[in-house]
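All remarks here apply to the structure that follows.
The values are calculated or read from the model by the stated rules, or taken from the named source; none is laboratory data. Because the structure is a prediction, the values reported are computed rather than measured. No Cβ is skipped: glycine too gets one built from the backbone with ideal geometry, and neighbour counts run over all protein chains shown. Heavy atoms of the whole protein, side chains included, go into the accessibility calculation; ligands, DNA and RNA do not. Shrake-Rupley method; radii C 1.70, N 1.55, O 1.52, S 1.80 Å.
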Amino acid sequence: MTIENAATIDHLIVTAPNLKAGVQWVRDALGATPELGGKHLNIGTHNCLLSLGDRTYLEVISPDPNAPDPRRPRLFGLDNVGQPRLANWVVRTSDIQGAVSGCTEELGAIEPMNRGELNWLITFTSDGSLLLGGVAPTLIEWQGTSHPTQRMRDEGCKLLSIELHHSEPERIERLLQSINLDTGRIT
């Protein structure tokens, strides 16, 4: 694969039973307040977002109590969420089909999503669970040129690196290599 097809960290996922609790958790941890994002109507969730610089952000996501029952499991284990926590991370790719087909792990089906003028494809497990306890990333391919960070205010937060822990580090390393992830910020 060429460097143009390299995958990179897009955003971090904080799951919470409600947005208020998730935003407070981030505020306590980082001293910055995520701003209102929007609703994901097809899965019954809503979110708040915090820029982490360089087309990277943090997403606080929770079930939307005003949304109709999505009649399917929500992403990131949100149907069984307890306390707010950093639960997962999302990797951006320009070829989600190729990344999924070449991946050493089953990342789920690729599904279209949208929120306002934002459109993307994302991997989605059939039961909504976090793969490998959240250490395996979710994949995203943004459609068009819009990206959420284009409208976010700068709160001075930057993502410098991610540290992953798993009982099978070689398995995780193979997975990250198989999706062509630029591991410059991962230890």
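Take the residues in region 1-22 that are part of a loop (DSSP other than H, G, I, E, B) and among the hydrophobic types (A, V, I, L, M, F, W, C); name whichever of them is modelled with the lowest pLDDT.
Step one: list which residues in region 1-22 are part of a loop (DSSP other than H, G, I, E, B), which gives 1-2, 6, 16-18.
So of that shortlist, the ones also among the hydrophobic types (A, V, I, L, M, F, W, C) come out as 1, 6, 16.
Values: MET1: 39, ALA6: 81, ALA16: 98.
Looking at residues that are part of a loop (DSSP other than H, G, I, E, B) and among the hydrophobic types (A, V, I, L, M, F, W, C), I get MET1.
When only residues in region 107-127 that are in a loop (DSSP other than H, G, I, E, B) and open to solvent by 30 Å² or more (accessible area, probe 1.4 Å) count, which is modelled with the highest pLDDT? Steps first, answer last, please.
Initially, region 107-127 is screened for residues in a loop (DSSP other than H, G, I, E, B), giving 107-108, 116-117, 125-127.
When the remaining residues are screened for being open to solvent by 30 Å² or more (accessible area, probe 1.4 Å), the result is 116-117, 126-127.
Values: GLY116: 83, GLU117: 86, SER126: 90, ASP127: 93.
Looking at residues that are in a loop (DSSP other than H, G, I, E, B) and open to solvent by 30 Å² or more (accessible area, probe 1.4 Å), I get ASP127.
Among residues belonging to region 29-88 that are part of a helix (DSSP H, G or I) and open to solvent by 80 Å² or more (accessible area, probe 1.4 Å), point out the one that is modelled with the highest pLDDT. Can you show your working first?
Taking region 29-88 as the starting set, the residues that turn out to be part of a helix (DSSP H, G or I) are 29-30, 75-80.
Applying the additional criterion that residues be open to solvent by 80 Å² or more (accessible area, probe 1.4 Å) yields 30, 80.
Values: LEU30: 96, ASN80: 92.
Once the filter is applied, the top-ranked residue is LEU30.
Just to check your reading of the model, which residue among LEU121, LEU107, LEU159 is touching a helix residue (DSSP H, G or I) at 6+ places or on another chain (Cβ under 6 Å) and under 19 Å from ASN47 (Cβ atoms)?
Details: LEU107 fails: under 19 Å from ASN47 (Cβ atoms); LEU159 fails: touching a helix residue (DSSP H, G or I) at 6+ places or on another chain (Cβ under 6 Å).
On inspection, the qualifying residue turns out to be LEU121.
Just wondering, is there one or more residues in region 128-148 that are acidic (Asp, Glu), part of a strand (DSSP E or B), in contact with a Ser or Thr (Cβ under 6 Å, 6 or more places away or on another chain) and under 24 Å from PRO34 (Cα atoms)? Reasoning before the result, please.
Of the residues in region 128-148, the ones acidic (Asp, Glu) are 141.
Subsequent filtering for residues that are part of a strand (DSSP E or B) retains 141.
Filter once more, so that each one left must be in contact with a Ser or Thr (Cβ under 6 Å, 6 or more places away or on another chain): 141.
With the extra rule that they be under 24 Å from PRO34 (Cα atoms), the set shrinks to 141.
Looking through region 128-148, at least one residue is acidic (Asp, Glu), part of a strand (DSSP E or B), in contact with a Ser or Thr (Cβ under 6 Å, 6 or more places away or on another chain) and under 24 Å from PRO34 (Cα atoms).
Can you find even one residue in region 162-185 that is among the β-branched types (Val, Ile, Thr), open to solvent by 50 Å² or more (accessible area, probe 1.4 Å) and within 19 Å of the chain's Cα centre (by Cα)?
The answer is yes, given that some residue of region 162-185 is among the β-branched types (Val, Ile, Thr), open to solvent by 50 Å² or more (accessible area, probe 1.4 Å) and within 19 Å of the chain's Cα centre (by Cα).
Just wondering, is there one or more residues in region 90-106 that are assigned to a strand (DSSP E or B), over 15 Å from LEU19 (Cα atoms) and open to solvent by less than 20 Å² (accessible area, probe 1.4 Å)? Give the steps one after another, and end with the answer.
In the first step, residues of region 90-106 are kept if they are assigned to a strand (DSSP E or B); the result is 90-92.
Next, only the ones that are over 15 Å from LEU19 (Cα atoms) stay: 90-92.
Imposing the further condition that a residue be open to solvent by less than 20 Å² (accessible area, probe 1.4 Å) reduces the set to 90-91.
Within region 90-106 (the criterion being assigned to a strand (DSSP E or B), over 15 Å from LEU19 (Cα atoms) and open to solvent by less than 20 Å² (accessible area, probe 1.4 Å)), the answer is yes, since at least one residue qualifies.
I need a count of the residues in region 141-154 that are at pLDDT 90 or above, open to solvent by less than 70 Å² (accessible area, probe 1.4 Å) and over 18 Å from ALA99 (Cα atoms).
4
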